[in-house]
Amino acid sequence: MDGSQSRVAADQQAGVDSPDAWRVAWIALALLSVSYGSPLLIIVGMRTMQEALGTDRSVIALAGSLVWVGTGAGGILMGWLADRIGLRTTVMFGAVMIAGGLALSSTGSVWAVYVGHGLMVGLLGNGAVYPPLLVYVTRWFYRRRGSAVALISSGQYVAGVVWPSLIEQGIAQVGWQWVMLAFAAVVLVVVVPMTFLLRPAPVTASAVPGHAADAPSRRVAGLPPNLAQALLCLAGFSCCIPMSIPQGHLVAFCGDIGIRPTHGAAMLSVMLAAAFLSRQAWGALADRIGGLRTVLAGSTCQAIAIACFLLTQDEVGLFAVATVFGLGFSGIIPAYSVAIRELFPAAEASWRIPLTLFTAMSGMAFGSWFAGSLYDHFGYYAPAFASGVGFNILNLLIVGFLVGRMASSRRSGLWSMVK
């Protein structure tokens, strides 16, 4: 048995890429399927909350945006904290904060919704759940890391399939405030006990010789590592703006053009169901062609789909466009995490992955708020969808540049070896 085979055998004995690793991934998926239901309350109830609070659409959209910013910012702190106090304690704390934030938001004032969602549901809640779980699961996998990251990141889409119709029906029956309180109870009852199923991660899998993990000072795509990181962050911000517009405004958009709220909620569920199914394929693709090339492919599909929202207001047509959009955008964010692990040392994952997620989620936040602001100004959503096309093109330019630099660096390395 050669050295490489010995390393693989040692990793398998430690639990890396093992059946235990997949059990951990499925537990993480279940946790995220519940925790990611919390931001959907504002998405589904946006028009109802706007009317009840007597405010603009952008004001409610901003509360949803604060969840994304808070989740990303909280992940940087909570990823560091999870390495010191343990993942189980961190996730349990996050669940309690999500429940508390929803309870505070249900009191029925704009400031309570902002504090409850931005600080508690986002920064201290989902920020303590999603980024730490993502880093944790990457430590259980090496060869199938892309597939595993895609699986657990699908928690957002499982939540999108399960919760919107239930939330919409609950709002119609008892009002949005009682629905928030009920979901707070669900988070406490489901997530907190499930944290006891989380096990300590194995020792980080050995790196294959020549990987970035072996060379902390190695240039990335021929660039200084932190410059490459900054470009990845800018790319993530740019691609998440168009990603957020249908996710944050589809139900409200449908209501504005005369589509029934139940059908709008169903359309959101269909879009996120398509995203869940296709995300597994995108994860497998990342295992084969690498994370950055997968980002490029997914972003291209997303650009085409977001442009199609400008072409129809027919209900059947919008169901089709929403499905295509879900199929296209779903692999992008997990692929960034895979790219980070491929390009940078494993020891830096606990801050580089949350930093990338923070900038991406900031794009989600900005896109959701910006779309609401454009709606308030123009009175319809076409300018918002058009802005999404523009930001998507910017993302394609940045990622295409990085992929080209990687190919050039690889050719230069091969030429040096030949000489």
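Residues checked against (1) of a type outside the set (Ser, Thr, Tyr); (2) within 16 Å of the chain's Cα centre (by Cα); (3) modelled with pLDDT of 85 or more:
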residue	(1), (2), (3)
VAL16	yes, no, no
PRO19	yes, no, yes
SER33	no, yes, yes
GLY45	yes, no, yes
SER58	no, no, no
LEU66	yes, yes, yes
THR89	no, no, yes
MET120	yes, no, yes
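With the checklist (1) in a helix (DSSP H, G or I); (2) out of contact with any Asp or Glu (no Cβ under 6 Å at 6 or more places or on another chain); (3) not aromatic (Phe, Trp, Tyr) in hand, flag the one item THR107 doesn't pass.
It is condition (1) that THR107 fails.
Among (1) of a type in the set (Val, Ile, Thr); (2) without any contact (Cβ under 8 Å) to a residue 60 or more places away in the chain; (3) within 16 Å of VAL191 (Cα to Cα); (4) open to solvent by 30 Å² or more (accessible area, probe 1.4 Å), where does THR90 come up short?
(4)
Tell me the residue from ALA320, ALA346 that is out of contact with any Cys (no Cβ under 8 Å at 6 or more places or on another chain), of a type outside the set (Val, Ile, Thr), over 15 Å from ILE245 (Cβ atoms) and free of Cβ contacts under 8 Å to residues at least 12 places away in the same chain, please.
Numbers: ALA346 fails: free of Cβ contacts under 8 Å to residues at least 12 places away in the same chain.
Result: ALA320 is the single residue among ALA320, ALA346 that is out of contact with any Cys (no Cβ under 8 Å at 6 or more places or on another chain), of a type outside the set (Val, Ile, Thr), over 15 Å from ILE245 (Cβ atoms) and free of Cβ contacts under 8 Å to residues at least 12 places away in the same chain.
Which is open to solvent by less than 30 Å² (accessible area, probe 1.4 Å), modelled with pLDDT under 95 and either more than 30 Å from GLY79 (Cβ to Cβ) or of a type in the set (D, E, K, R) (or both), of LEU311, LEU318?
Just one listed residue meets the conditions, LEU318.
Under the condition of being of a type in the set (A, V, I, L, M, F, W, C) and within 16 Å of GLY37 (Cβ to Cβ), which residue from region 97-127 is surrounded by the fewest Cβ atoms within 10 Å (Cβ to Cβ)?
From region 97-127, those of a type in the set (A, V, I, L, M, F, W, C) are 97-99, 102-104, 110-113, 115, 119-121, 123-124; that's our starting set.
Those still in the list that are within 16 Å of GLY37 (Cβ to Cβ) too: 97-99, 102-103, 120-121.
Numbers: MET97: 25, ILE98: 32, ALA99: 25, LEU102: 27, ALA103: 18, MET120: 25, VAL121: 36.
Among those that are of a type in the set (A, V, I, L, M, F, W, C) and within 16 Å of GLY37 (Cβ to Cβ), it is ALA103.
Determine whether region 271-285 contains at least one residue that is among the hydrophobic types (A, V, I, L, M, F, W, C), out of contact with any Ser or Thr (no Cβ under 6 Å at 6 or more places or on another chain) and open to solvent by 50 Å² or more (accessible area, probe 1.4 Å).
Yes, region 271-285 contains a residue that is among the hydrophobic types (A, V, I, L, M, F, W, C), out of contact with any Ser or Thr (no Cβ under 6 Å at 6 or more places or on another chain) and open to solvent by 50 Å² or more (accessible area, probe 1.4 Å).
In contact with a helix residue (DSSP H, G or I) (Cβ under 8 Å, 6 or more places away or on another chain), buried (at least 16 other Cβ atoms within 10 Å of the Cβ) and of a type outside the set (Val, Ile, Thr): which single residue out of PHE366, PHE401 fits that description? Don't jump to the end; show me each part of the working.
On the way: PHE401 fails: buried (at least 16 other Cβ atoms within 10 Å of the Cβ).
Just one listed residue meets the conditions, PHE366.
Residues ALA150, ALA172, ALA185, ALA159: which one is in a helix (DSSP H, G or I) and open to solvent by 60 Å² or more (accessible area, probe 1.4 Å)?
The match here is ALA172.
Go through (1) modelled with pLDDT under 90; (2) buried (at least 22 other Cβ atoms within 10 Å of the Cβ); (3) among the polar types (S, T, N, Q) one by one and return the number of the condition SER244 breaks.
(1)
The values are calculated or read from the model by the stated rules, or taken from the named source; none is laboratory data. Keep in mind the model is a prediction, meaning the values are calculated, not measured. When we count neighbours, we look across all protein chains shown, and the Cβ atoms used for this are built from the backbone with ideal geometry, even at glycine. Surface areas here come from the heavy atoms of the whole protein model, side chains and all, with no ligands, DNA or RNA. Shrake-Rupley method; radii C 1.70, N 1.55, O 1.52, S 1.80 Å.
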